[in-house]
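Single-structure report; data block below.
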Amino acid sequence: MDDRLFRTAMGRFATGVTVITTKVNETLHGMTANAFVSVSLNPKLILVSIGEQAQMNQLLKESGQFAVSILNKYQEELSAYFAGQINEERNIEFDVFNGMDVIKDALVNMTCTVQSSVVAGDHTLFIAEVTDLRIQDGDPLLFYGGEYKNIK
């Protein structure tokens with residue numbers, strides 16, 4: 001099978017949209033990711049998959065910690081910005097939660113400490129323990145078939 005067929009098939013799986021943030025040398029970095037999954041309840045573990053060529057890959061290895069913000073349906077522009085689809089500087093107003101910068105008004109903010117990582121094909125899978133989280137009500141921003149979607 002070719003890459004396009006595989007990508008199309010994977011696009012048939014609806015996902016939520018997250019922004020991963022971390023700080024290295026006092027500089028904040030963020031990246032949109034939809035390859036995010038819960039792994040374990042005890043201990044509380046999540047997994048994010050980051051491309052080997054993505055700058056965030058090396059940053060997570062350096063920092064050893066990151067935050068995940070699960071976006072609400074009104075945060076499509078933030079997702080596009082952190083995905084590199086908006087090529088202008090923006091002054092993003094972050095919130096601080098558990099000592100880490102997170103996306104303000106996201107449905108969920110969680111802070112995480114990397115426990116392990118493994119290279120899998122052209123990505124690194126980062127397994128991290130959730131150190132704290134907070135939740136707000138609202139509807140999620142979804143990604144399906146290469147487009148943002150909302151629950152109707």
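Coordinate-derived values only; no laboratory data. If you're wondering where the values come from, they're calculated on a predicted model, not measured in any experiment. Don't worry about glycine lacking a Cβ; one is built from the backbone with ideal geometry, like all the others, and counts go over all protein chains shown.
Give the total of Lys-Lys pairs in the chain with Cα-Cα distances below 27 Å; include a pair only if its members are 8 or more places apart or on different chains.
So the count of such lysine pairs works out to 13.
When ranked by the protection proxy of mean other Cβ atoms within 10 Å per residue, highest first, what sequence do the peptides 61-69, 34-42 form? Walk me through the intermediate numbers first.
Working: 61-69: 19.8, 34-42: 12.1.
Sorting 61-69, 34-42 by mean packing, highest first, produces 61-69, 34-42.
When only alpha-carbon atoms are used, what values of Rg and Dmax, in angstrom, describe the chain?
Rg then Dmax for the chain, in Å: 15.0, 45.
Quick one: check the C-alpha center-to-center distance for segment 49-97 versus segment 1-28, whole angstrom.
11 Å
Pick out, in residue order, every one of the trypsin sites (Lys or Arg not before Pro) in segment 1-33 that is DSSP loop and has at most 11 other C-beta atoms within 10 Å; say none if there are none. Please report the intermediate quantities before stating the final value.
Working: sites: Arg4, Arg7, Arg12, Lys23; in loops: Arg12.
Filter output for segment 1-33: Arg12.
For Met1 and Tyr148, calculate 0.36 nm times their separation in residues minus their Cα-Cα distance, and state this gained length in nm to one decimal. Intermediate values should be presented prior to the final figure.
On the way: separation 147, 0.36 × 147 = 52.92 nm, distance 2.61 nm.
Value of the extension gain: 50.3 nm.
Quick check on the chain: helices-only [θ] at 222 nm, where DSSP H runs of length 4 and up contribute -39,500 (n - 2.57) each and the sum goes over total residues. Nearest 500, please.
Details: 3 runs with 24 residues, N = 152.
Taken over the chain, the calculation gives -4000 deg cm²/dmol.
What residues of segment 134-152 lie in the reach of a label at Thr8, counting those whose backbone N is under 16 Å from a point 7 Å from the Cα along Cα→Cβ?
Of the residues in segment 134-152, 145-147 have backbone N under 16 Å from the label point off Thr8.
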